[in-house]
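Shown next, in structure tokens, is the structure this report addresses.
The values are calculated or read from the model by the stated rules, or taken from the named source; none is laboratory data. Keep in mind it's a predicted model, so treat the numbers as computed, not measured. Glycine also receives a Cβ, built like all others from the backbone with ideal geometry; neighbour counts cover every protein chain displayed. The area values use the complete protein model at the heavy-atom level, side chains included, leaving out ligands, DNA and RNA. Shrake-Rupley method; radii C 1.70, N 1.55, O 1.52, S 1.80 Å.
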Amino acid sequence: MKRNPKKTQAIILKEAATLFASKGFAGTRVDEIAKVSQVNKGMIYHYFSSKGGLYESVLANQMQQMFQQMQHPHGDTEWDIIQSAAEDYFNYCYFHSEYISLMLWEMVSKWETLNLITIDFENETQQFLIETIERGIQKEIFHSDTDPRMFMSLSIVQIFCFFPLFRHPNLLNPGKGRKMQDSDIKKYRQQVIEQIMRSLQPDSMATED
């Protein structure tokens with residue numbers, strides 16, 4: 001039976017993402033990926049040139065999916081739009097654990113591979129959010145000292161680093177034998193988003209609170 005190249009590549013990317021997320025780049029072997037993908041190793045090299053090329057494709061695919069989720073933050077005001085974007089990103093991370101693991105591996109490696117591929121992305125959503133924050137500063141909705149890129153960077157890290165805390169024995173771990181429930185996630189999401197948005201509050205609003 002003749003293989004469908006697009007379908008085969010999609011399967012390889014999916015299985016490779018799972019293994020890279022679990023073991024990292026160094027700990028994952030091409031043989032393993034070929035086995036779980038049910039293809040021969042040569043086919044992986046044919047489509048992706050190398051293990052590094054496959055890893056880059058996995059990260060690019062993950063970033064594209066995330067950006068698609070974040071394409072349409074909504075709201076009537078600049079405050080609502082930024083809060084909506086933070087909630088969308090939180091939800092994406094919640095439902096895509098492999099994305100979190102891959103980003104953590106990248107952070108440990110000083111974002112080495114991500115820096116190679118981000119130049120290929122024209123992230124309109126990121127630019128839209130930066131411009132939204134700048135408008136919010138001009139309208140005095142946001143704190144005048146807010147650095148849009150710094151705010152976005154810290155917010156992203158705060159959200160995707162939040163989820164591994166559930167596995168830490170002394171932090172948010174729900175306890176032996178107990179799984180995190182949707183109600184717990186909903187409560188923590190509200191707290192995380194409130195903390196993120198609080199950092200944008202102008203002095204006058206913070207004083208009123």
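Structure shown: which of Lys6/Lys187; Lys23/Lys176; Lys6/Lys51; Lys14/Lys179 lie over 30 Å apart, alpha-carbon to alpha-carbon? Spell out each step's value before the answer.
Details: Lys6/Lys187 40 Å; Lys23/Lys176 24 Å; Lys6/Lys51 18 Å; Lys14/Lys179 26 Å.
Beyond 30 Å between Cα atoms: Lys6/Lys187.
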Practice prompt. Using a 1.4 Å probe over the heavy atoms of the protein chains, calculate the carbon and sulfur portion of the accessible area of the chain as a whole percent.
Written response: 50 percent
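Can you work out the FRET efficiency for the pair Ser144 and Met197, with r the C-beta to C-beta distance and R0 = 22 Å, to the nearest 0.05?
Once rounded, the FRET efficiency stands at 0.85.
Could you do me a favour and compute the accessible area per residue for the chain, 1.4 Å probe, result in Å²? Intermediate values should be presented prior to the final figure.
Details: 12890 Å² over 209 residues.
I get 62 Å² per residue for the chain.
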Worksheet item: So for the pair His168, Val108, with labels modelled 7 Å out along Cα→Cβ, what separation do we get in nm?
Response: 1.6 nm
Worksheet, complete the sentence: Residue-ordered couplings for the range 124-138, obtained by feeding phi - 60° into the Karplus form 6.51 cos²θ - 1.76 cosθ + 1.60 and rounding to whole Hz (Gly and Pro as x), are 5, 5, 4, 5, 4, 5, 4, 5, 5, 5, 4, 5, x, 5, 4
Item to complete: Round to a whole angstrom and tell me the spacing of the C-alpha centers of the range 16-36 and the range 113-160.
Response: 32 Å
Response to the item:
Taking the chain and counting helices only, DSSP H stretches of n ≥ 4 at -39,500 (n - 2.57) each over all residues, the nearest-500 ellipticity at 222 nm comes to -22000 deg cm²/dmol
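When a/c reaches 1.5 or more, the comparison of a/b and b/c decides; with that in mind, is the range 99-209 rounded, prolate or oblate per its Cα gyration tensor? Display every interim value, and only then the final one.
On the way: a/c = 2.62, a/b = 1.20, b/c = 2.18.
In terms of gyration-tensor shape, oblate.
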Response to the item:
Treating only Lys and Arg (+1) and Asp and Glu (-1) as charged, each at its beta carbon, one finds that the chain has a dipole about its Cα centre, in Debye to the nearest 20, of 1720 debye
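Identify the trypsin sites (Lys or Arg not before Pro) of the range 1-66 meeting these criteria: DSSP loop state and at most 11 other C-beta atoms within 10 Å of the C-beta.
Details: sites: Lys2, Arg3, Lys6, Lys7, Lys14, Lys23, Arg29, Lys35, Lys41, Lys51; in loops: Lys2, Arg3, Arg29.
Taking the range 1-66 and a limit of 11 other Cβ atoms within 10 Å, the loop trypsin sites (Lys or Arg not before Pro) found are Lys2, Arg3.
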Practice prompt. Could you list which residues have their amide H under 5 Å from that of His143, counting only those 5 or more apart in sequence or on another chain, with H placed in the peptide plane?
Written response: Gln201
